[in-house]
Amino acid sequence: MSVVASPVSSTSLADDRRRHRPPGPLVGFTQADAERILAHLVMLDVDDRFLRFGYGIGDEGIARYVARIDFARDHVHGLTDAGGRVVALAHIAVRDGEVDFGLSVAPARRRRGLGRILFAHVVEFASVLRAQRVLCHSISPAVLHMAGASGFRRVGGNPAAPLVLDIPVG
């Protein structure tokens, strides 16, 4: 685990911190943190799992998901509490110039701006990765709200298509 220098502007983070005070710095997780990532994801209830993954998934499925994370290619960032437990998590997958991501926040830590901090980090991190676009497959109302407010759109007007944010070149 390492502290991640977030590309999110210090002004927006300062505003979020004044309102919600994150539990600690944004950290980057490695394979060595897989058990903590798994513990965070399996504590999500059935509804939260559906919103996070887009389908019903049991503990065994989540364990397979965590085991398949390619920490050399993907980026897993998040926030932990004082005891080192993951309280908010972003899995950022990079494929062919596109970034896809999944977010989750522990139920007891919601409505404190942690999801918004991670969402903004994902969008800004996509620029650092030189991605041309960010894809949002989420069906979570909170994530969809953040995506809409950030300029994501559906390509071709297809309601089943993922939301897309094109990243300006330069």
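The values are calculated or read from the model by the stated rules, or taken from the named source; none is laboratory data. Note that the coordinates shown come from a computational prediction; the quantities given were computed from them, not determined experimentally. For neighbour counting, all protein chains shown are included, and Cβ atoms are generated from backbone atoms with ideal geometry for every residue, glycine included. The protein model used for the area step is the full one, side chains on, heavy atoms only, and it has no ligands, DNA or RNA in it. Shrake-Rupley method; radii C 1.70, N 1.55, O 1.52, S 1.80 Å.
For the stretch 141-170, which residues satisfy the criterion of being assigned to a loop (DSSP other than H, G, I, E, B) and surrounded by 15 or more Cβ atoms within 10 Å (Cβ to Cβ)? Result: Ser150, Phe152, Pro162, Ile167. Within the stretch 26-85, being within 24 Å of Pro162 (Cβ to Cβ), among the charged types (D, E, K, R) and either in contact with a Phe, Trp or Tyr (Cβ under 7 Å, 6 or more places away or on another chain) or without any contact (Cβ under 8 Å) to a residue 12 or more places away in the chain (or both) holds for Asp47, Arg64, Arg68, Asp70. Could you go through the stretch 93-103 and let me know if any residue there is closer than 16 Å to Leu38 by Cα and not small (Gly, Ala, Ser). Yes, some residue in the stretch 93-103 is closer than 16 Å to Leu38 by Cα and not small (Gly, Ala, Ser).
Yes/no matrix, rows are residues, columns are (1) among the hydroxyl-bearing types (Ser, Thr, Tyr); (2) modelled with pLDDT under 95:
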{"site": "His40", "(1), (2)": "no, no"}
{"site": "Phe50", "(1), (2)": "no, yes"}
{"site": "Tyr65", "(1), (2)": "yes, no"}
{"site": "Arg68", "(1), (2)": "no, no"}
{"site": "Ala72", "(1), (2)": "no, yes"}
{"site": "Val76", "(1), (2)": "no, no"}
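Which residues, counting only those in the stretch 40-88, are under 14 Å from Ala108 (Cβ atoms) and not charged (D, E, K, R)?
Residues of the stretch 40-88 that are under 14 Å from Ala108 (Cβ atoms), as a first pass: 40, 43-45, 48, 79-83, 85-88.
Matches in the stretch 40-88: His40, Met43, Leu44, Leu79, Thr80, Ala82, Gly83, Val86, Val87, Ala88.
For the stretch 23-38, the tally of residues that are modelled with pLDDT under 95 and open to solvent by 20 Å² or more (accessible area, probe 1.4 Å) stands at 3.
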